[in-house]
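Please read the structure below before turning to the comments.
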Amino acid sequence: MTVTTAMDPAESHPHTINIGISSCLLGQEVRYDGGHKRNVFVLNNLSEYFEFVPYCPEVAIGMGIPRPPIRLVRRDDGVHAVGIQDPDMDKTDELRDYAFEVSGQLSEISGYILKKDSPSCGMERVRVFDHNNVPAKTGSGIYAATLMECLPNLPFEEEGRLMDPVLRENFIERVFVYYRWQQMIKDGLTPSALVDFHSRHKFNVLAHDEPAYRRLGRLVADAGKEHLHSLAGSYIDILMQALKIPATRKRHTNVLMHVMGYLKNSLDGDDKQELLEVLDKYRLGQVPLIVPITLLKHHLRKYPQPYIDQQYYMNPYPEELMLRNSL
Ligand code: SF4
């Protein structure tokens, strides 16, 4: 796989952001039938910004290529991954153990893209067969479920869901936030580093979850008093859960109004009126998010506001990803 770099928009120097991925999505011929599930969007649109680190749990536990296919079945003691032809071939424990092993190796990974519908890699709505052989789309792949349990803050997404512009943007935003968090921890956690991290992500959180925004603010206010590492643990737990909540047009409009507030003494009446009209069009779904953001950036270039300039909300990921053009 080509080594790729992404530009951290606010730091303006290149970094590599690693994303774990189900190997078959990269076109690797690792499926039970020797085929692959190459994902064009991932390869064409994302590989420029991320380095993908592939994992195929079924191959890793020695099932071979080709191999007898497995499926999820519900038994009295829970859901198992067993052979379709040979239900005595139970791979549940091996897949789980492999997920535990991988979870210990993902400290350099900032997100994970999973193959949908797989009894190993599927994130949600995977078919689970009951005692009468009737399927219900209620399961998660054994490997994926264990990994998500071990790493609740790591952003996970399924390839199919990445086709939805809102879910896609949400995943990429979370990857960049999590990556910056990992960098901060690597550089050394200090009270001032945490305060700075929080200060720069305030508007991101506000666009997702206002109560979490307030809770995080209270936590950070104790950064010099409480045990820093446990406080940081609570902080990232709350932050990553908050960012999963969809940032609606209403919430974005609220943040944009906040940003506009910083310009109130600089803009003349016409500019204010134009901005308000654009914000209203965005709120009503008549223009995408990129439109009010672009207009605000235009005014911020003329009338710089240091507090707003350092907000990752204004530049959460490389502009070239064009994620805000469809929101
Ligand atoms: S879905 Fe997962 S287990 Fe199946 S081939 Fe792809 S990577 Fe391997």
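For this structure, a couple of remarks:
- Of the trypsin sites (Lys or Arg not before Pro) in segment 226-272, the ones in a loop by DSSP (not H, G, I, E or B) with at most 11 other beta carbons within 10 Å are LYS264.
- For a straight C-alpha distance cut-off of 17 angstrom, the aspartates and glutamates reachable from LYS186 (same-chain residues fewer than eight places away being disregarded) are ASP8, GLU11, GLU108, ASP196.
- In this structure the amide hydrogen of PHE52, modeled in the peptide plane, comes within under 5 Å of the amide hydrogens of ILE19, none closer than 5 places in sequence on its chain.
- Evaluated over segment 233-290, the Cα radius of gyration and Dmax, each in Å: 14.7, 46
- Across the alpha-carbon atoms of segment 165-327, the computed radius of gyration and Dmax are 16.3, 50 angstrom.
- Cα-based convex hull volume of segment 6-163 per residue, rounded to whole Å³: 115 Å³
- Treating each Cα of segment 38-104 as an identical point scatterer and summing with the Debye formula, the log10 of I(q)/I(0) at q = 0.13, 0.21, 0.28, 0.29 Å⁻¹ comes to -0.52, -0.93, -1.18, -1.22.
- Backbone amide hydrogens, once placed in the peptide plane, bring THR138 within less than 5 Å of VAL126, VAL128, excluding anything fewer than 5 places away on its chain.
- Assuming charge only on the beta carbon of Lys and Arg (+1) and of Asp and Glu (-1), the dipole of segment 6-163 about its Cα centre is about 580 debye to the nearest 20.
- The slack between GLU48 and ASP280, meaning 0.36 nm per residue of separation minus the straight C-alpha distance, is 80.1 nm.
- Using a cutoff of 8 angstrom between alpha carbon atoms and counting only pairs six or more residues apart, the relative contact order for the chain works out to 14 percent.
- Pairs of Cα atoms nearer than 8 Å and 6+ residues apart set the relative contact order; for segment 6-163 it is 20 percent.
- Between ASN325, LEU267, ALA247, the Cα set farthest toward the positive side of the dipole of segment 165-327 (charges on each charged residue's Cβ, about the Cα centre) is that of ALA247.
- Helix axis angle, 228-244 relative to the chain longest principal axis, alpha carbon, degrees: 90 degrees
- Carbon plus sulfur fraction of accessible area for the chain, probe 1.4 Å, in percent: 50 percent
- Accessible area (Å², 1.4 Å probe, nearest 10) - ILE172: 0 Å²
- Taken over segment 147-254, the percentage of Cα pairs per 10 Å bin, counting from 0 up to the bin with the maximum distance, is 14, 46, 31, 8, 0.
- Based on protein heavy atoms only, the chain ends up with 47 Å² per residue of surface accessible to a 1.4 Å probe.
- Where LEU167, LEU26 fall by accessible area, highest first, once all protein chains stay in place (1.4 Å): LEU167, LEU26
- Dividing the radius of gyration of the alpha carbons in the chain by their Kirkwood radius gives 1.03 for Rg/Rh.
- Helix content alone sets the calculated 222 nm mean residue ellipticity of the chain: runs of n ≥ 4 DSSP H residues at -39500 (n - 2.57) each, divided across all residues, give -13500 deg cm²/dmol.
- Bridge type composition, the chain - antiparallel percent by DSSP, nearest 5: 50 percent
- All lysines inside 27 Å of LYS297 as judged from Cα atoms, apart from same-chain residues fewer than 8 positions distant: LYS202, LYS244, LYS250, LYS264, LYS272, LYS281
- Spatial separation of Cα centroids for segment 122-179 and segment 269-320, in angstrom: 33 Å
The values are calculated or read from the model by the stated rules, or taken from the named source; none is laboratory data. Nothing here was measured: the structure is a model prediction, and the numbers come from that model. Every residue, glycine as well, gets a Cβ built from its backbone with ideal geometry; the counts of neighbours run over all protein chains shown. Heads up: the accessible areas ignore ligands, DNA and RNA and are worked out on the full protein's heavy atoms, side chains in. Shrake-Rupley method; radii C 1.70, N 1.55, O 1.52, S 1.80 Å.
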